[in-house]
Amino acid sequence: MTTDFRALFGQLLQLPSVSSANAKIDMGNRNVVELLANVFTDLGFTCELMPLPNQSHKANLIATYGSGTGGLVLAGHTDTVPFDEALWSVNPLQLTEQDGRLYGLGSTDMKGFFALVHAAVQPLLNQVFKAPLIILATADEESSMEGARALVQQGRKFGRYALIGEPTGLKPINRHKGVLMERLQVQGQSGHSSNPALGKNALEAMHEMIGALLDFRSRLQQRFQDPHFAIDVPTLNLGVIQGGDNPNRICGHCALEFDVRMLPGMHSAELRNDIRALIEPIACRHQVQFTYTPLFAGAEAFANDHSEMLQVCEQLTGASGQSVAFGTEAPFLQQLGLDTIVLGPGSINVAHQPDEYMALDQVQPCITLIQQLVTRFCL
């Protein structure tokens, strides 16, 4: 198995591992984690594949070097978002190096991080490790975060410090928003539109429910503010609405999908209870039935203000802790007791779109930073 950085980078890109809420295009990630297990086993790591519950084609990888308490976890996800090859100027499943960039699907978000970790740790393995180094590669971050959630559900314990290598331009991130994605369905009764008494209009009920959600958003924004964020309030976005089938029929069904971006200090269970309490009396007044269900379990907001890991990363990078709007697996690693920071190469601005790339000028600084962290926390 080759240990060349570009070769491993290219091998990782060649293995498609799309995760999606759309079952027709959703894939497993076993090919990626098995490749990583092979190359880290060759370096002397002990590797464990952890299949996801009821999804044997998806798995987390836990690769450990050394033993003892404490230590460092270098974490990332092995799945990518879906892609449309016709929109790419290069092959998305092949490493293309040009104009000082490494192009490919997952190059920066975030398969490339594992190639950098592999390159960074090799020169250090001839030393005695006083605390373990753990490489954590998860499944399904882009769709459900079930990989990280499974670690929490199993109560896995490893390491004391964690760095998640999401693309941050090598700047330490110590807070980000959480997210809920929800579906509200209203079932009324259709009938001839010439006589409203013949039915129960689901669209009219939904209209009032939407008004209640927008009022709820205003109250949340008055209650919660965080100046660390560019958008310093929580948001609620009405994303999809579907309903009815003809202008001359009373609308018998309507569905709304929306998301909520939460600030630190807000909690998904409380929000869902509050939203349900808003909807129930409206449904009762309109004499309609409703179902309110999450599109996925959601991810909590993340904040880590008083952190040794943050202080170390600030010293090494010369950059202060920052906030981002996108979500990561950091809240789950926090639940496992890890002092967690998000910091990695590349830019989120080129992720999730055609011609994703990692800039070459991020490669050596990232390798050096990883080596400094391993030296600090493991040697």
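Taking a ≥ b ≥ c as the square roots of the eigenvalues of the Cα gyration tensor of the chain, is the shape rounded (a/c under 1.5), prolate (a/b larger than b/c) or oblate? Prolate, because a/c is 1.5 or more and a/b exceeds b/c.
When the chain is modelled as a GNM with alpha-carbon springs shorter than 10 Å, which of 135, 231, 348 fluctuates the most? Greatest mean-square fluctuation among the candidates belongs to 231. Among 24, 200, 130, the largest mean-square fluctuation in a Gaussian network model of the chain, built with springs joining Cα atoms closer than 10 Å, belongs to 24. Between 185, 222, 14, the Gaussian network model of the chain with springs among Cα atoms under 10 angstrom shows the greatest mean-square fluctuation at 222. Annotation: extensible slack from residue 232 through residue 43 equals 63.6 nm (criterion: 0.36 nm per residue apart, minus Cα-Cα distance). Spin-label model, residue 189 to residue 89: label points 7 Å out along the Cα-to-beta-carbon direction sit 6.1 nm apart. Estimated from helical segments only, the mean residue ellipticity of the chain at 222 nm is -9500 deg cm²/dmol, where each DSSP H run of four or more residues counts as -39500 (n - 2.57). Around the Cα centre of segment 178-294, unit charges on the Cβ atoms of Lys, Arg, Asp and Glu (plus for the first two, minus for the last two) sum to a dipole of about 200 debye.
Modelled spin-label separation between residue 224 and residue 259, with each label point placed 7 Å from Cα along the Cα-to-Cβ direction: 1.5 nm.
With one equal scatterer per alpha carbon and no solvent term, the Debye-computed log10 I(q)/I(0) for segment 98-165 at 0.25 1/Å reads -1.24.
Computed from backbone phi, the HN-Hα couplings of segment 337-351 come to x, 8, 6, 10, 9, 9, 6, x, x, x, 10, 5, 5, 10, 7 Hz, rounded to whole numbers (Karplus: 6.51 cos²θ - 1.76 cosθ + 1.60, θ = phi - 60°; Gly and Pro given as x). For segment 30-54 versus segment 358-379, the spacing of their alpha-carbon centroids is 22 Å.
For the pair residue 364 and residue 284, the difference between a 0.36 nm per residue extended length and the Cα-Cα distance amounts to 22.6 nm. For residue 177, the lysines whose Cα falls under 27 Å of its own Cα, not counting residues fewer than eight places away in the same chain, are 58, 111, 157.
Read the figures in this text as sums done on the coordinates, not as results from a lab. Computed from a predicted structure; not experimentally measured. Glycine gets a Cβ as well: all are built from the backbone with ideal geometry, and neighbour counts include every protein chain shown.
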